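No lab work stands behind these numbers, since they all come straight from the coordinates. In this text the structure is predicted, and so the values were computed from the model without any measurement. Note that we place each Cβ from the backbone using ideal geometry, even for glycine, and neighbour counts take in every protein chain shown.
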Amino acid sequence: MTDKQNWIASKGKPLQGDIDIPGDKSVSHRAVMFAALADGVSQVDGFLEGEDTRATAAIFSQLGVRIETPSPSRRIVHGVGIDGLQAPSQPLDCGNAGTGMRLLTGLLAAQRFDSVLIGDESLSKRPMRRVTEPLAQMGARIDTADGGLPPLRIHGGQALHSIDYASPVASAQVKSCLLLAGLYAQGETIVRESHPTRDYTERMLSAFGVEIDYSPGYACLRGGQRLRATDIQVPADFSSAAFFLVAASIVPGSCLRLRRVGLNPRRTGLLQALRMMGADIVEENAAEHGGEAVADLVVRHAPLRGIEVPEALVPDMIDEFPALFAAAACAEGPTVVRGAAELRVKESDRLAAMANGLRALGLQVDETADGATIHPGTLHGGRIESHGDHRIAMAFSVAGQCSDGEVVVGDTANVATSFPGYETLARGVGFGLR
């Protein structure tokens, strides 16, 4: 039996099979949010049954929205309209979900009632000034703990006005937060970014009937618009697929098909980086659902070579760097990452966690303030700490497939926040994981 808190990863078999990755977390969060605000009833299929997304759905239930679950991965959301949310009777618990907390902050700042957003220990250490400060410029009143950290105490009844905001951080969460607030603000809210980020919010608002003008690095909408109900098919989560793409690339004899993976161009920087490293990944059965590109990804083992990751790709792969580090550990020649300081304020300091973990397995990793150079070599067994970060845990389960000894991965319970059933699926295709 696998201890809930720890994994032991070791060399398994060549990875084979056709698999379904759980639904995209970012799309699942937004689908429930926007369906709740819409006029009418929406059906969401492919909803991620993870702790983060369930936390978001539970919050909307607390806000007076009726959400049915007729079967796993399906939600029927009875929208209450843009002005129909009700005051909650207790704090709203976002769990581990930074997306949930930051987007809800923008939405709740515009409501007529007060609310409090809380999260788990990890989320309570994540920076929230990046959303509270621009929201204050729009007229919101939000109190934080010391250092701009959660919990967030949001004062309702504030009249919001639009802003033209140049975001100092490349963050789709910041952009989405301000666009949600902008739905309630007078005038046109504009968000400008120095590096384009994921456009899930823009695409989905458009699917719900909102007039929104957007292009890479720019989004603009006018306040006072209403959303109309629509059905959403959530694609498979690319960030979750990333671990299988890397694993099949580095384990000899492997061939995996990952079905209906979301290929939003602002999300797939890792796909480009892996192909630069020599990965054999083919797209088949391309389609589009709800404005989002999807395709089957067929990945076969191929020798990888180290690269200097183009900084232009960094914003489009910010959640996939743990998987990239695992690939770099098994490549030929060093891999250099720059411009990724955002990794230090994710669920953990991912740069430090991945660097320290690879060092514990025998590799040389040179860390910088905004990146690292990974020098590949023979991976030995050892123990690494995931620091409760789901992506760190999964990355080292992948690295263990090419290790000479057993890799003990500590503190893996949070994997369920984004990828329920990961262990079962991984073992089913040939991972050595217990």
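What the table below lists for this structure:
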| item | result |
| --- | --- |
| Part-to-part distance (alpha-carbon centres) for segment 216-277 and segment 10-68, which is given in Å | 15 |
| Net charge dipole size for segment 301-421 [Lys, Arg +1 and Asp, Glu -1 on Cβ; Debye, nearest 20] | 160 |
| Only Lys, Arg (+1) and Asp, Glu (-1) charged, at Cβ; segment 25-233 dipole about Cα centre in debye | 60 |
| R0 of 22 Å, Cβ-Cβ distance S215-A166: FRET efficiency to nearest 0.05 | 0.90 |
| Phi to ³J(HN,Hα) by Karplus 6.51 cos²θ - 1.76 cosθ + 1.60 over segment 256-265, Hz, x for Gly, Pro | 10, 10, 10, 8, 6, 7, x, 10, 3, x |
| Top positive-direction residue, dipole computed over the chain with Cβ charges, set M276, P91, L107 | P91 |
| In nm, spacing of pseudo-spin labels at N285 and E188 (7 Å Cα→C-beta vector) | 4.2 |
| Beta bridges by DSSP in the chain, antiparallel share as percent, to the nearest 5 | 70 |
| Tensor-based shape of segment 282-355 (alpha-carbon gyration tensor, a/c under 1.5 rounded, otherwise prolate or oblate) | oblate |
| Net charge over other residues, Cβ less than 14 angstrom from the Cβ of Q111 (K, R count +1; D, E count -1) | +1 |
| Normalised contact order of segment 75-221, rounded percent, pairs of Cα under 8 Å and 6 or more residues apart | 20 |
| Angle in degrees between helix 25-37 and the longest Cα principal axis of the chain, rounded to the nearest 10 | 10 |
| Derived scalar couplings ³J(HN,Hα) [segment 424-429; Karplus, 6.51 cos²θ - 1.76 cosθ + 1.60; whole Hz; x for Gly, Pro] | 4, 5, 5, 4, x, 9 |
| Inter-site label distance for S124 and R359 at 7 Å from Cα along Cβ, in nm | 2.9 |
| Considering only segment 25-233, percent of DSSP beta bridges that pair antiparallel, nearest 5 | 70 |
| A352-A87 FRET efficiency (beta carbon distance; Förster radius 35 Å; 0.05 resolution) | 0.30 |
| Estimated distance in nm for a label pair at D45 and H78, the labels positioned 7 Å out from Cα along Cα-to-Cβ | 2.3 |
| Shape call, segment 25-233: gyration tensor on alpha carbons, a/c limit 1.5 | rounded |
| Close Lys-Lys pairs in the chain, where close means Cα under 28 Å and separation is 8 or more or interchain | 10 |
| Shape category assigned to segment 1-133 from the gyration tensor of Cα positions, a/c cut at 1.5 | oblate |
| Neighbourhood net charge (13 Å Cβ-Cβ; Lys/Arg +1, Asp/Glu -1) for E121 | -3 |
| Mean Cβ neighbour count within 10 Å, used as a protection proxy, ranking 191-200, 252-261, 99-108 highest first | 99-108, 191-200, 252-261 |
| Cα centre as origin, Lys/Arg/Asp/Glu Cβ charges: segment 132-264 dipole, Debye | 440 |
| Within the chain, helix-based [θ] at 222 nm, where runs of 4 or more DSSP H residues each add -39,500 (n - 2.57), nearest 500 | -8500 deg cm²/dmol |
